[in-house]
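**Student:** Provided herewith is a single structure, encoded as structure tokens, for subsequent inquiry.
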Amino acid sequence: QEDVRSTNVAALDLALPAGRAAFTFLGVVGYDAYARNDQLDRERIDLSAGTKLPLALCMFDGDLHYARAQSDLADLSLVPNAPAEAAANARTVRRADARLACGPSIGIRPFASLGHAEMTNSAAARRFQDVSETRYAAGLSYANPVVGVVSLVARRASFDYDRRPPDGSLGSQRFRVSYAGVGFDRRLGARLQMTASLGYAWMGEHDARSG
């Protein structure tokens, strides 16, 4: 059945530079109201905060994110034999990321990053989609005004779907994706930029003991 959704929102966008450091905040808070299907009425929240801090020869970047809203109705196609009550579902996402890069702006610069994210669903029929993800990466970059930036990177992401049935009927409960590769980035004048990358990714299952 066709429906019309109206959304009232309030937004706040802040940027506070302090020398080489910077702090940012972006927040959107609102409410979705449906003309016919009022069971889908839901708050809409999207909050992000970030910081950039110089630490001696290093630069630290940190980000926090929180979002909550009615999930996309198209996602119902992913729920086997979805009951009608599965449509009314509040999806919540929490994410934290940190990155540290050290060394001069020209030359060799090692970096590492760590992140964690969680997504949960309020509808019982969708809780098998709840997921916890942990990401970590490390690499080296070389910057030169003539050559550009060449980067070597290795990263891994681990996914935990603890609410999936252990028989695997709805997919693996735990798996991880690994990647290793090289990237190239060079600016060609004021308007052109050339980027290229080559890498290899592989996936494997893991249990709670192996991490």
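The values are calculated or read from the model by the stated rules, or taken from the named source; none is laboratory data. Not measured: the values here are computed from a predicted model. With ideal geometry, Cβ positions are generated from the backbone for all residues, glycine too; neighbour counts draw on all protein chains shown. Side chains are part of the model used for accessible areas, which takes the heavy atoms of the whole protein and leaves out ligands, DNA and RNA. Shrake-Rupley method; radii C 1.70, N 1.55, O 1.52, S 1.80 Å.
**Student:** Which ones in segment 82-122 are of a type in the set (Ser, Thr, Tyr) and under 20 Å from ALA154 (Cα atoms)?
**Tutor:** Once the filter is applied, which keeps residues that are of a type in the set (Ser, Thr, Tyr) and under 20 Å from ALA154 (Cα atoms), segment 82-122 yields only SER113.
**Student:** Look at TYR66 and say whether it is aromatic (Phe, Trp, Tyr), within 15 Å of the chain's Cα centre (by Cα) and not in a loop (DSSP other than H, G, I, E, B). Give the steps one after another, and end with the answer.
**Tutor:** Values: aromatic (Phe, Trp, Tyr): yes; within 15 Å of the chain's Cα centre (by Cα): yes; not in a loop (DSSP other than H, G, I, E, B): yes.
Yes.
**Student:** Between residues in segment 172-195 that are in contact (Cβ under 8 Å) with a residue 24 or more places away in the chain and of a type outside the set (A, V, I, L, M) and residues that are surrounded by 13 or more Cβ atoms within 10 Å (Cβ to Cβ) and not in a strand (DSSP E or B), which pairs lie under 8 Å by C-beta distance while being six or more apart or on different chains?
**Tutor:** Hits for this filter: SER172/TYR161; SER172/ARG164; ARG174/TYR161; ARG174/HIS206; PHE175/HIS206; ARG176/HIS206.
**Student:** Then there is this: Hey, among ASP46, ASP32, ASP38, which residue is surrounded by 15 or more Cβ atoms within 10 Å (Cβ to Cβ), over 17 Å from the mean Cα position of the chain (by Cα) and either modelled with pLDDT under 90 or over 30 Å from ALA143 (Cβ atoms) (or both)? Quick ask: steps written out before the conclusion?
**Tutor:** Values: ASP46 fails: over 17 Å from the mean Cα position of the chain (by Cα); ASP38 fails: surrounded by 15 or more Cβ atoms within 10 Å (Cβ to Cβ).
Answer to the selection: ASP32.
**Student:** Looking at ASP61, ASP32 in this structure, which one is more than 30 Å from SER172 (Cβ to Cβ), touching a helix residue (DSSP H, G or I) at 6+ places or on another chain (Cβ under 9 Å) and assigned to a strand (DSSP E or B)? First the steps, then the outcome.
**Tutor:** Values: ASP61 fails: touching a helix residue (DSSP H, G or I) at 6+ places or on another chain (Cβ under 9 Å).
Answer to the selection: ASP32.
**Student:** Show the residue pairs that are 6+ apart or on different chains and have beta-carbon atoms under 6 Å apart, the first residue being within segment 137-151 and touching a residue at least 24 places away in the same chain (Cβ under 8 Å) and under 14 Å from MET194 (Cβ atoms), the second being open to solvent by 50 Å² or more (accessible area, probe 1.4 Å) and in a strand (DSSP E or B).
**Tutor:** GLY148/ASP185; GLY148/ARG186; VAL149/ASP185; VAL150/TYR142; VAL150/PHE184
**Student:** Among the numbered conditions (1) within 20 Å of ARG99 (Cβ to Cβ); (2) more than 19 Å from the chain's Cα centre (by Cα); (3) surrounded by 15 or more Cβ atoms within 10 Å (Cβ to Cβ), tell me where SER197 comes up short.
**Tutor:** Condition not satisfied by SER197: (3).
**Student:** Further question on the same structure: Kindly indicate whether SER169 is open to solvent by 50 Å² or more (accessible area, probe 1.4 Å), in a loop (DSSP other than H, G, I, E, B) and farther than 26 Å from THR195 by Cβ.
**Tutor:** Working: open to solvent by 50 Å² or more (accessible area, probe 1.4 Å): yes; in a loop (DSSP other than H, G, I, E, B): yes; farther than 26 Å from THR195 by Cβ: yes.
Taking the combined requirement at face value, the residue satisfies it.
**Student:** Within segment 111-132, which residues are under 30 Å from CYS58 (Cα atoms), of a type outside the set (S, T, N, Q) and either open to solvent by less than 60 Å² (accessible area, probe 1.4 Å) or modelled with pLDDT under 95 (or both)?
**Tutor:** Taking segment 111-132 first, the residues under 30 Å from CYS58 (Cα atoms) are 111-118, 132.
Narrowing further to those that are of a type outside the set (S, T, N, Q): 111-112, 114-118.
Those that are under 30 Å from CYS58 (Cα atoms), of a type outside the set (S, T, N, Q) and either open to solvent by less than 60 Å² (accessible area, probe 1.4 Å) or modelled with pLDDT under 95 (or both): PHE111, ALA112, GLY115, ALA117.
**Student:** Check ALA143 against each of (1) open to solvent by less than 40 Å² (accessible area, probe 1.4 Å); (2) assigned to a loop (DSSP other than H, G, I, E, B) and name the one condition it does not meet.
**Tutor:** (2)
**Student:** Within segment 177-187, does at least one residue satisfy the condition of being modelled with pLDDT under 90, loosely packed, with under 14 Cβ neighbours inside 10 Å, part of a loop (DSSP other than H, G, I, E, B) and out of contact with any helix residue (DSSP H, G or I) (no Cβ under 7 Å at 6 or more places or on another chain)?
**Tutor:** Looking through segment 177-187, none of the residues is modelled with pLDDT under 90, loosely packed, with under 14 Cβ neighbours inside 10 Å, part of a loop (DSSP other than H, G, I, E, B) and out of contact with any helix residue (DSSP H, G or I) (no Cβ under 7 Å at 6 or more places or on another chain).
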